[in-house]
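The values are calculated or read from the model by the stated rules, or taken from the named source; none is laboratory data. Here the structure is a predicted model, which is why all the values come from computation and not from measurement. Methodologically, a virtual Cβ is constructed for each residue, glycine included, from the backbone with ideal geometry; neighbour enumeration extends over all protein chains shown.
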Amino acid sequence: MVPYVKHRICLALGLMMLCNASLVTAATSSLTDDEVNKEWLEAEVQLPAAPKAENLITFYQSGNQTFAIDSQSVSLAGDGTVRYTLIATSNSGVKNISYEAIRCETYEKKLYAFGRPDGSWSRSRRNEWDRITQSGINKQHYVLYTGYFCDGNTITGKTPVLIDRLHNKRTLY
């Protein structure tokens, strides 16, 4: 190969690499250092009032349980989570009440507290976020995630929109 042509090829390759590096730099420079290094912080939990029967919205029924949300407890926290009171009622009438959150961004759920018969709360000892699963008979979190609260990793609206969707059984799928 003629040295002149070889030199031009090397120069062209070098310019292409420089352009690619500039594109990568331009793409990442629009984010500030704070945005790139920002670690997610969970907002403080404020437990809601005990649920009232007139505020319950049934959204899912499994083999032996019915699941409802207390419409007065649904909120969007500053950390990007949807928080709500969940009421699971067995066919025999036994109720389990819990205050929980779903984090659309990571496809996770968390249990904050259990409701007591006197209307007070008992904080959960477990402080971890758990992956949402659609296996097993009780898929209440999966139904909330895919049907009412999340579109991919994004919350599907403000609190009134979420409540309206639950109340009118207008799922996203």
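Condition first: modelled with pLDDT of 95 or more and under 15 Å from SER73 (Cα atoms). Can you find one or more residues in the range 121-130 that meet it? Looking through the range 121-130, at least one residue is modelled with pLDDT of 95 or more and under 15 Å from SER73 (Cα atoms). Criterion applied to SER71, SER90 was being over 15 Å from TYR148 (Cα atoms) and among the hydroxyl-bearing types (Ser, Thr, Tyr), and the one residue passing it is SER90.
The selection criterion, being closer than 16 Å to HIS141 by Cα, assigned to a loop (DSSP other than H, G, I, E, B) and in contact (Cβ under 8 Å) with a residue 24 or more places away in the chain, holds for GLY63. Scanning the range 153-173 for residues that are part of a helix (DSSP H, G or I), out of contact with any helix residue (DSSP H, G or I) (no Cβ under 8 Å at 6 or more places or on another chain) and of a type outside the set (A, V, I, L, M) returns THR159, PRO160, ASP164. Restricting attention to the range 124-139, the residues that are free of Cβ contacts under 8 Å to residues at least 40 places away in the same chain and either charged (D, E, K, R) or touching a Lys or Arg at 6+ places or on another chain (Cβ under 9 Å) (or both) add up to 10. Only one of the numbered conditions (1) within 16 Å of the chain's Cα centre (by Cα); (2) surrounded by 14 or more Cβ atoms within 10 Å (Cβ to Cβ) is not met by ARG131, and that is (2). Counting only residues that are among the charged types (D, E, K, R) and more than 15 Å from GLY78 (Cβ to Cβ), how many does the range 98-109 have? Here the count works out to 3. TYR142 meets all of the listed conditions (1) in contact (Cβ under 8 Å) with a residue 60 or more places away in the chain; (2) part of a helix (DSSP H, G or I) but one, namely (1). Just one residue in the set ILE97, ILE163, ILE87 is of a type in the set (A, V, I, L, M), closer than 22 Å to SER62 by Cα, surrounded by 12 or more Cβ atoms within 10 Å (Cβ to Cβ) and without any contact (Cβ under 8 Å) to a residue 40 or more places away in the chain; that residue is ILE87. Can you tell me which residues in the range 136-160 are hydrophobic (A, V, I, L, M, F, W, C) and either surrounded by 13 or more Cβ atoms within 10 Å (Cβ to Cβ) or outside the structural domain of TYR60 (by TED's automatic domain parsing) (or both)? Result: VAL143, LEU144, PHE149, CYS150, ILE155.
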